[in-house]
Amino acid sequence: MTVMKKPDLDVIIIGAGVAGLYAIYRLRKQGLQVRAYEAGDGIGGTWFWNRYPGCRCDVESMEYSYAFDDNLQQEWKWPERYGTQPEILKYLNYVSQRFNVMRDVQLNTRVTAAHFDSGTNLWTITTEQGETVSAPFCIMATGNLSTPRFPKITGIDDYTGEKYHTGLWPKEGVDFTGKVTGVIGTGSSGVQSIPIIAKQAKHLFVFQRTANFSLPARNAPLEPEKERKHKEEYVERRKAAYSTPFGIAGYPPPDKFAAEATSAEREASYEAKWAEGGSISFLFAYKDLLLDKAANDTASDFVRAKIRSTVKDPKTAELLCPNDHPIGTKRLILDTDYFETYNRDNVTLVGIRSNPIERFTRSGLQLTDGKSYDLDAISFATGFDAMTGAMREIDIRTDKGADIREKWQDGPRTYLGIMVSGFPNMFMVTGPQSPGVKSQMILSCEWHVDFIAAAIEHMRGKGLTHIDAEGTAEDGWVEHNNQVADSTLYPLANSWYVGANIPGKPRIFMPYVGGVEAYTNKCKQVVDNGYEGFQMS
Ligand code: N01
């Protein structure tokens, strides 16, 4: 008689960022034995790794927090309109302590493999240290922007100066004082860090391949009255957030198409939103900004005019004007003094679209036309292998021959961004084809963890042990995801949403852009219909 091995845990959680921490809390409440395995030497995920200067959330701090405990949201005090990385990390550490989460987190533990055995109905993970752990359920709380990427450019390892990646920033910080510094990349991380690095560096060269739209954040200390009112309305606001496209309440939805306004009215509307700061309000100016190119052009032109009027050198201004994508189709950046920074004498913008970096040298880098730059330090703000990178780095497979790298070789396929057909009992939090990165992330993490917790509870109640997504349900969801994306302007941009920043990555639109309301309604309907599209046994 075969003696069945007793699993080590009920649920393995991979990652102790926002999603993993809540999963521990939520599943423990159901009496489950859980443990999260985290590569970092601290919790916090994104907010643990991205310590670059100026790192700040682009969702307002009163929104960007957990909703699962009303006392928590009443007692935490955010100092500013937008949370800084240190402040958000402090918050996550506070949450961990307050709910005694740390006892179920194992730090400094990178998971290298996760294998499912159908005979035992167990997932077994293997860590970099060689430890193995088994459980019937495994949750990938591995994050969407957690696999930093240096560009593959000749000679990168020959460069002997200081080299940093915004997503792997040293804990002790970096002092660029007196240094000739380069920043490569002008996405959110580059745009947030450039003004601060510029203030320290002897000279800063910004190497820009693609100009991006950025709006002023208008960060400021949080007004006490605004905080008081928000806290008073927290419960209703959180509920209302699920009935919005981005999972954030409080922004009146647009009621007009851009063409219904005169050009003077549009200008006044964009001007007011520019002065207010923030991206949702700006994109909510008109109903069709993300649907109709002509409508979008009016908003794009407004921002380009702002760039031209801010940046004194006309050539630099022109280079900073985005011209290859409609505004909002790449993550809209929020900045503090980004364009103003190019008026400093110690900052030079170098366009590398038509004259790319040819190679790194021992002392800096050389462009294709032969011009070279000696640099004491280079900060790579070159982004991430987004959405699928973290899971593809783990050897995820089943004894029935399913392999995540093979399954996703033409792009991710998921059902609701929660499960992948053929990988039973493995859940994802904010996986591809869910609204995660297009929403208030913490809300989406809570939604998914709650969904997973309820599914496990449902199964236990019925004595079931096995859940998988049906192949047809997955096919339908992938198709729906693509159809929704194709009905918008999003696919027009070469963004990490489509994997365009990773050479060779299949081009498929990865986030669900039908909005949080449509998505959560679909999830509710799935549950109401007895977990439609999932096979349970
Ligand atoms: O990364 P990105 P990020 N040679 O991929 C350039 C979230 N986030 O870390 O566009 C030269 O956006 C690349 O150029 P191109 C947020 O969701 C949030 O900035 O590919 N350049 C691009 O300019 C965000 O969207 C916050 O032509 C190269 C840049 O590097 C996401 O994270 C803050 C290159 C990468 O931009 C990612 O942002 C920070 C090469 N070989 C991040 N390879 C907030 O909450 C890449 N680039 C505010």
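Restricting things to alpha carbons, tell me how big the chain is in terms of Rg and Dmax, in Å.
Values for the chain (Cα only, Rg and Dmax): 23.5, 82 Å.
Rounded to two decimal places and with Rh computed the Kirkwood way over Cα pairs, what is Rg over Rh for region 4-53?
On the way: Rg = 13.1 Å, Rh = 11.9 Å.
Dividing the radius of gyration by the Kirkwood radius yields 1.10.
Tally Lys/Arg at +1 and Asp/Glu at -1 over every other residue whose Cβ is under 12 Å from the Cβ of Ala217; what's the total?
Working: positive: Arg56, Arg81, Arg218; negative: Asp58, Glu60, Glu80, Glu276, Asp335, Asp337.
Value of the local net charge: -3.
Using alpha carbon centroids, what distance separates region 168-200 and region 211-235, in Å?
Taking the Cα centre of each part, region 168-200 and region 211-235 sit 25 Å apart.
Can you give me the % of accessible surface on region 389-537 that is carbon or sulfur? Probe 1.4 Å, all protein chains present, nothing else counted.
Values: 2520 of 5470 Å².
The C+S portion of the solvent-accessible surface of region 389-537 is 46 percent.
Determine which residues of region 35-76 fall in the zone a paramagnetic label at Arg110 would reach in this model, i.e. backbone nitrogen under 19 Å from the point 7 Å along Cα→Cβ.
36-51
Around Lys163, which amide H atoms from residues at least 5 apart in sequence, or from another chain, sit under 5 Å from its own amide H, with H modelled in the peptide plane?
Ile378
Taking 41 Å as R0, compute the FRET efficiency from the Cβ-Cβ separation of Glu276 and Ser118 and round it to 0.05.
Values: r = 55 Å, r/R0 = 1.34.
FRET efficiency, Glu276 to Ser118: 0.15.
Compute the FRET efficiency between Tyr234 and Phe150 as 1/(1 + (r/R0)^6), taking r as their Cβ-Cβ distance and R0 = 30 Å, and round to the nearest 0.05.
Working: r = 41 Å, r/R0 = 1.37.
FRET efficiency, Tyr234 to Phe150: 0.15.
Of the trypsin sites (Lys or Arg not before Pro) in region 40-146, which ones lie in a loop per DSSP and count no more than 12 other C-beta atoms within 10 Å?
Working: sites: Arg51, Arg56, Lys77, Arg81, Lys90, Arg98, Arg103, Arg110; in loops: Arg51, Lys77, Arg81, Arg110.
Sparse-neighbourhood loop trypsin sites (Lys or Arg not before Pro): Lys77.
Out of the total accessible area of region 251-352 (probe 1.4 Å, heavy atoms of protein only), what percent is carbon and sulfur? Numbers along the way, then the final one.
Details: 2450 of 4660 Å².
Roughly 52 percent of what the probe reaches on region 251-352 is carbon or sulfur.
What FRET efficiency, computed as 1/(1 + (r/R0)^6) with R0 = 45 Å and r the Cβ-Cβ distance, is obtained for Gln33 and Arg209, rounded to the nearest 0.05? Walk me through the numbers before you get to the answer.
Numbers: r = 48 Å, r/R0 = 1.07.
Once the sixth-power term is evaluated, E becomes 0.40.
In deg cm²/dmol, rounded to 500, what helix-only [θ] at 222 nm does the chain give when every DSSP H run of at least 4 residues adds -39500 (n - 2.57) and the total is split over its residues? Don't skip to the end; give the middle numbers.
Working: 17 runs with 173 residues, N = 537.
For the chain, the value works out to -9500 deg cm²/dmol.
Measure off 7 Å from each Cα along the Cα-to-Cβ vector at Asp374 and Asp297, then give the distance between these two points in nanometres to one decimal.
4.8 nm
Using only alpha-carbon positions, what ratio does the radius of gyration of region 465-537 give when scaled by 2.2 N^0.38 Å? The partial results should precede the final answer.
Details: Rg = 14.7 Å, N = 73, 2.2 N^0.38 = 11.2 Å.
Rg over 2.2 N^0.38 Å, computed on Cα atoms: 1.31.
Using the C-alpha atoms of region 183-310, what convex hull volume per residue, in cubic angstrom, is computed? The partial results should precede the final answer.
On the way: hull volume 19.0 nm³, N = 128.
Output value, Cα hull per residue: 148 Å³.
Roughly how big is the chain's charge dipole about its Cα centre, with Cβ charges of +1 (Lys, Arg) and -1 (Asp, Glu), in debye to the nearest 20? Show your work: numbers first, answer last.
On the way: 60 positive and 67 negative charges, 123 e Å.
Approximately 600 debye in magnitude.
Can you tell me the alpha carbon radius of gyration of region 66-118 divided by the globular rule-of-thumb value 2.2 N^0.38 Å? Walk me through the intermediate numbers first.
Values: Rg = 15.7 Å, N = 53, 2.2 N^0.38 = 9.9 Å.
In units of the 2.2 N^0.38 Å rule of thumb, it is 1.58.
Distances longer than 27 Å among the Cα atoms of region 395-536: what percent of all pairs is that? Each step should come with its number before you reach the end.
On the way: 1919 of 10011 pairs.
So the portion of pairs separated by more than 27 Å is 19 percent.
Gain in length, Glu260 to Thr132, computed as 0.36 nm per residue apart minus the alpha-carbon separation, to one decimal in nm?
Details: separation 128, 0.36 × 128 = 46.08 nm, distance 6.16 nm.
The span from Glu260 to Thr132 would gain 39.9 nm if fully extended.
Skip the ligands, DNA and RNA, and give the accessible area per residue of region 425-467 with a 1.4 Å probe, whole Å².
Values: 1050 Å² over 43 residues.
Normalised by residue count, the accessible surface of region 425-467 is 24 Å².
How long, wide and thick is region 431-482, going by the Cα atoms along their three principal axes, in whole angstroms, largest first?
So the three principal-axis extents are 36, 29, 11 Å.
As I understand it, the dipole of the chain uses +1 on the Cβ of Lys and Arg and -1 on the Cβ of Asp and Glu, about the Cα centre. Which of Gly155, Val206, Gly178 lies farthest toward its positive end?
Going by the charge dipole, the pick is Gly178.
How many angstrom separate the Cα center of region 49-128 from the Cα center of region 401-472?
19 Å
Whole-Hz Karplus ³J(HN,Hα) for region 427-433, in order, using 6.51 cos²θ - 1.76 cosθ + 1.60 and θ = phi - 60°, x for Gly and Pro?
10, 10, 9, 6, x, x, 6
For region 111-117, what does the Karplus curve 6.51 cos²θ - 1.76 cosθ + 1.60, with θ = phi - 60°, yield as ³J(HN,Hα) per residue in whole Hz, taken in order and with x for Gly and Pro?
8, 9, 8, 9, 10, 9, 10
What are the ³J(HN,Hα) values, in whole Hz, obtained from phi via the Karplus relation 6.51 cos²θ - 1.76 cosθ + 1.60 with θ = phi - 60°, for each residue of region 330-340 in sequence order, with x given for Gly and Pro?
10, 3, 6, 8, 10, 10, 10, 6, 5, 5, 4
Output the Cα-based Rg and Dmax of region 268-421 in Å, rounding Rg to one decimal and Dmax to a whole number.
Cα only, region 268-421: 21.1, 62 Å (Rg, Dmax).
Let me know the charge dipole size of region 1-113 about its Cα centre in debye, to the nearest 20, where only the beta-carbon of Lys, Arg (+1) and Asp, Glu (-1) is charged.
Working: 14 positive and 13 negative charges, 85 e Å.
Around 400 debye, computed over region 1-113.
Roughly speaking, what is the stretch gain from Gln97 to Asp157, that is 0.36 nm per residue apart minus the C-alpha to C-alpha distance, in nm to one decimal? All intermediate terms of the calculation are to be shown ahead of the outcome.
Working: separation 60, 0.36 × 60 = 21.60 nm, distance 4.04 nm.
The Gln97-Asp157 span can extend by a further 17.6 nm.
What fraction of the Cα pairs in region 374-478, stated in percent, has a spacing above 17 angstrom? The partial results should precede the final answer.
Numbers: 3268 of 5460 pairs.
Result for the distance tail: 60 percent.
Pairs of alpha-carbon atoms within less than 8 angstrom and 6+ residues apart define the contacts here; what relative contact order does region 309-384 have, in percent? Let's see the in-between values first.
Values: 49 pairs, mean separation 13.9, N = 76.
It rounds to 18 percent for region 309-384.
List every residue whose amide H lies under 5 Å from the amide H of Gly83, counting only residues 5 or more places away in sequence or on a different chain, with H placed 1.01 Å from N in the peptide plane.
Here Cys57, Ser61 satisfy the definition.
Which of the trypsin sites (Lys or Arg not before Pro) found in region 279-373 are loop residues per DSSP with 16 or fewer other Cβ atoms within 10 Å of their Cβ?
Numbers: sites: Lys287, Lys293, Arg304, Lys306, Arg308, Lys312, Lys315, Lys330, Arg331, Arg344, Arg353, Arg359, Arg362, Lys371; in loops: Lys287, Lys312, Lys330, Arg331, Arg344, Arg353, Arg362, Lys371.
Answer by residue number: Lys287, Lys312, Arg344, Arg353, Arg362, Lys371.
The values are calculated or read from the model by the stated rules, or taken from the named source; none is laboratory data. This is a predicted model, so every value here is computed, not measured. Here the Cβ is made from the backbone with ideal geometry for all residues, glycine too, and neighbour counts use every protein chain on show. The protein model used for the area step is the full one, side chains on, heavy atoms only, and it has no ligands, DNA or RNA in it. Shrake-Rupley method; radii C 1.70, N 1.55, O 1.52, S 1.80 Å.
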